[in-house]
Amino acid sequence: MVSRVITDNVVLEGDPLTRPDKPRHPLPQGREGPGLVILRKRESSKRGSSTSWQSKKWLLYVFCALCVAVAPKLRADEFSQTAHYAVRMFSVGTLTLDTRTGDIFIEGWDEPRLEVEAEKVVRANSAAKAEPFYDNVRIELEGQDKAVRLRTVYPPRKLWRPFRDESKLSVNLRIKMPFEANLKVHCVDGDVRIMGITGHEVLLVNYGDVEIDVPDVYHLRSLAAHAWVGYVQTDLHSTGDQDSAGLHPRLSFWNSMGSQDISVKVRMGGVWVYSY
């Protein structure tokens, strides 16, 4: 009688006592003949658990390495360098401000002059490491009398690392200008606060909060404030909701007897308009 035994998907034919040692006619994977018994080697469950543990240890090592690399940045302190600028400016003039990162505070006063206090703030582990970053941004003040332009100039962005080191450096501006002069502001990332300005105001902020203190409500002719995502609030009597939040909140105000126009647009943040 000829017996057929299958071991590890290989068929052994012949008399068990006389069959050759070499297997013949390998059985294709997935096929079982009638009356055949398939004997398969069972994988050890310990091997899978060992591999899983090795993967977990590898992930743990990577996590620890990241923590060590990021920890010094999380402990960074702030260092600052302050500079002052001044230029003659008339009450009928216009200040155009263009800045990227940092807070802005603008105050009106009864002087025919514009004064700027620019504070460069660097986040670094030491004062020595912060020193090279001060030269990465310039403060440019151009014009005088009826047209003045103030802007912060950063190095050109590189395609492969467009935002490198930008989070480490910001410029805070504190400005005094004639209270009757006009104001145009564009700020990418920062909070803006304005007090005591009776001239026209056009404000565009990408990310940040805007706070406007209106010195004379009866002098205000129109107010239009809009945020893409955020909130708008006011204590003025407006035609829309005085407090709203969410997507596209807005408020408006109109007084035919006034002469000042204020327009505010914020992409992500808030607008707060009030009068003292």
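Determine, from the Cβ-Cβ distance of residue 145 and residue 256 and an R0 of 35 Å, the FRET efficiency 1/(1 + (r/R0)^6), rounded to the nearest 0.05. Don't jump to the answer; show the numbers that get you there.
Values: r = 32 Å, r/R0 = 0.90.
Efficiency computed from Cβ-Cβ geometry: 0.65.
Rank by packing, highest mean first: peptides 188-197, 249-258, with packing defined as the count of other Cβ atoms within 10 Å averaged across residues.
On the way: 188-197: 19.4, 249-258: 15.7.
So the order, starting with the most tightly packed, is 188-197, 249-258.
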Positive-end extreme of charge dipole, the stretch 86-221 - chosen from 170, 190, 95 (charges on Cβ): 170
query: Under a point spin-label approximation (7 Å from Cα along Cα-to-Cβ), what is the residue 129-residue 268 distance to one decimal in nm?
result: 2.7
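All of the numbers you see were taken from the coordinates with simple rules; none came from a lab. Since we're looking at a predicted model, the values are computed, not measured. Ideal geometry is used to build each Cβ from the backbone, glycine not excepted, and the neighbour counts take in all protein chains shown.
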